[in-house]
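The structure under discussion appears below in the form of structure tokens.
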């Protein structure tokens, strides 16, 4: 039993750091989410301090892990969320001849949004303004498109990226044939 306990305690710092990194948290973010100070988290991850059960519970809750996963002999499970093409939500009513595949999590709408745009020849996407300070990042993968934001208009070729205000009326239109592009809306 002592060997198992020692083994678990020896692996705990690396296991906690791995779980934090998989979650995408910095030390500061985990500190804010768990209520455990950043310096204490750093000491725990370096193996310089042994956490109390209460501290481990706070960390496990913030990392959305079962407490037993931290104490188990098996590694922290790698979490990969896959959105299959057939299951990707589509938006088809924001213009003509344009489909938007929603690539960002649908429960995060109103935060940063990621779309794949698929235009037929002559297709157009009209977007109403997002909230003040929102911006768009449009990258053309295939085809040629015109993008307009407010009074500005630019032609984009494959590989080009346009960054523009999305808090004003904006539009993307296919110029020659079909177009495939990726659009990221950054919401403040």
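So, restricting to strands (runs of 3 or more DSSP E) that lie completely within region 99-157, which ones have at least 2 residues that are touching a strand residue (DSSP E or B) at 6+ places or on another chain (Cβ under 7 Å) and farther than 14 Å from residue 172 by Cβ?
So the answer is 113-127.
Do the conditions hold for residue 106, that is, is it in the same structural domain as residue 162 (by TED's automatic domain parsing) and at pLDDT below 85? Spell out the reasoning first.
Values: in the same structural domain as residue 162 (by TED's automatic domain parsing): yes; at pLDDT below 85: yes.
So residue 106 fits the description; yes.
Do we have any residue at all in region 120-135 that's free of Cβ contacts under 8 Å to residues at least 60 places away in the same chain and either under 18 Å from the mean Cα position of the chain (by Cα) or outside the structural domain of residue 182 (by TED's automatic domain parsing) (or both)?
So in region 120-135, the residues free of Cβ contacts under 8 Å to residues at least 60 places away in the same chain come out as 120-135.
Add one more test, that the residue is either under 18 Å from the mean Cα position of the chain (by Cα) or outside the structural domain of residue 182 (by TED's automatic domain parsing) (or both), and what stays is 134-135.
The answer is yes, given that some residue of region 120-135 is free of Cβ contacts under 8 Å to residues at least 60 places away in the same chain and either under 18 Å from the mean Cα position of the chain (by Cα) or outside the structural domain of residue 182 (by TED's automatic domain parsing) (or both).
Suppose we filter 122, 95, 47, 35 for residues that are at pLDDT 80 or above, surrounded by 16 or more Cβ atoms within 10 Å (Cβ to Cβ) and at positive phi; which single one remains? Outline the logic, then answer.
Working: 122 fails: surrounded by 16 or more Cβ atoms within 10 Å (Cβ to Cβ); 47 fails: surrounded by 16 or more Cβ atoms within 10 Å (Cβ to Cβ); 35 fails: surrounded by 16 or more Cβ atoms within 10 Å (Cβ to Cβ).
Of 122, 95, 47, 35, the one residue that is at pLDDT 80 or above, surrounded by 16 or more Cβ atoms within 10 Å (Cβ to Cβ) and at positive phi is 95.
Give 65, 57, 83 a once-over and let me know the one that is at pLDDT below 95 and not in a loop (DSSP other than H, G, I, E, B).
Values: 65 fails: not in a loop (DSSP other than H, G, I, E, B); 83 fails: not in a loop (DSSP other than H, G, I, E, B).
The match here is 57.
The values are calculated or read from the model by the stated rules, or taken from the named source; none is laboratory data. Everything quoted here is computed from the prediction, not taken from an experiment. Note: ideal-geometry Cβ built from the backbone for every residue, glycine included; neighbour counts use all protein chains shown.
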